[in-house]
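Down below is the structure, laid out as structure tokens.
The values are calculated or read from the model by the stated rules, or taken from the named source; none is laboratory data. The structure presented is a predicted model; accordingly, all values stated were derived computationally and were not measured. Positions of Cβ are generated from backbone atoms using ideal geometry, with glycine treated the same way; all protein chains shown enter the neighbour counts. SASA here: full protein model, heavy atoms, side chains in, ligands and nucleic acids out. Shrake-Rupley method; radii C 1.70, N 1.55, O 1.52, S 1.80 Å.
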Amino acid sequence: MNKIIYTFFAVCLLSTSCDDGDLHPEETGGTEGLKVTMEVSFSGLEAWPSAYQIVLAAYGNDSGNPLMSKQIPAPKSEDETVSLDLNGLHEDAKTIGISILTKGRKLIYNFYTYDISNGTDDVTLPVSKIDIASYDRIQHQVFDNYCAACHGAGDKAAAGLYLTEGKSFTNLVNEKSTLSTSKKRVEPGMPSYSFLIDILTGDIVNYNHTDVLPQDELVTLIKTWIRDGAKEK
Ligand code: HEC
């Protein structure tokens, strides 16, 4: 820093007009007071959570608890662009997230993150579309928490089905069920032809799956993903 100041004065001596006010923006640095703007439209709106909230948030060293956050209002349609900003950013902010938080403001899932640790200017996030019913959300919010323990994270995978990250997609989409004679585990575009939905909504196999998920809206999340084509990304 000293070097910069000396250089500055050296330049001042040589030039005729000098305003030391120019120094201060350089001295501030960091993210304090910056503004972050989001302009995003959302798809998969049926899977917008009601048990939790979707927010624009700033995180510091503790990536599980935001320093500040603003709730994103659910848009009425997929064509609507939601504009929101976080003003006067906290000086410790390192990452911006579009996230699902519990009502006690604990992080459940990040749809999107953006690194601002070296930021010195206001930013508009370089993202324009977010899928609320993404496969990545299902993996992290549903499979990792409620399914993987029996389906592949331990030493066996019940019914030969792996629901661990990196394996679950190919184990589900267009794969024959080992228990149903007529249905695939997931038939893209058709929730009612997907055995995955049958098993979560009816007591039809040896191990009843209807109480595995704490909220019905998580079944809606999976249905919406299948209906929208069961895409990996
Ligand atoms: C406590 C252990 C356990 C948990 C937790 C569990 N499952 Fe299962 N799952 C099983 C067992 C056991 C079977 C085989 C049942 C049978 O043979 O009748 C099975 C079968 C299945 C099948 C049928 C596979 C096929 O080939 O048709 C699907 C789909 C499935 N589970 C999905 C899930 C999902 C999704 C979750 C999380 C929401 C989950 N399971 C959580 C034990 C579990």
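Observations, loosely collected:
- Residue among 160, 166 that is free of Cβ contacts under 8 Å to residues at least 24 places away in the same chain, away from the ligand (no atom under 15 Å from the Cβ) and surrounded by fewer than 20 Cβ atoms within 10 Å (Cβ to Cβ): 166
- Filtered residues of the range 174-216 (kept if surrounded by fewer than 18 Cβ atoms within 10 Å (Cβ to Cβ), closer than 23 Å to residue 51 by Cβ and more than 8 Å from the ligand (Cβ to nearest atom)): 201, 202, 208, 210, 211, 214, 215, 216
- Elements of type strands (runs of 3 or more DSSP E) contained in the range 1-84, each with 1 or more residues being charged (D, E, K, R) and modelled with pLDDT of 95 or more: 36-43, 68-71
- Selected residue [out of contact with any Lys or Arg (no Cβ under 8 Å at 6 or more places or on another chain) and hydrophobic (A, V, I, L, M, F, W, C)] from 161, 125, 196: 125
- Selection within the range 69-87: residues that are over 22 Å from residue 34 (Cα atoms) and of a type in the set (S, T, N, Q). The member of this set that is least open to solvent (accessible area, probe 1.4 Å) is 77.
- Residues located in the range 138-187, provided they are more than 18 Å from residue 212 (Cβ to Cβ) and among the hydrophobic types (A, V, I, L, M, F, W, C): 169, 173
- Matching residues in the range 95-154 - criterion: being surrounded by fewer than 21 Cβ atoms within 10 Å (Cβ to Cβ), within 20 Å of residue 78 (Cβ to Cβ) and among the small types (Gly, Ala, Ser): 128
- Among the residues making up the range 39-68, a single one is farther than 20 Å from residue 137 by Cα and open to solvent by less than 40 Å² (accessible area, probe 1.4 Å): 60.
- Of all residues in the range 113-139, those being touching a Ser or Thr at 6+ places or on another chain (Cβ under 8 Å) and part of a helix (DSSP H, G or I) number 1.
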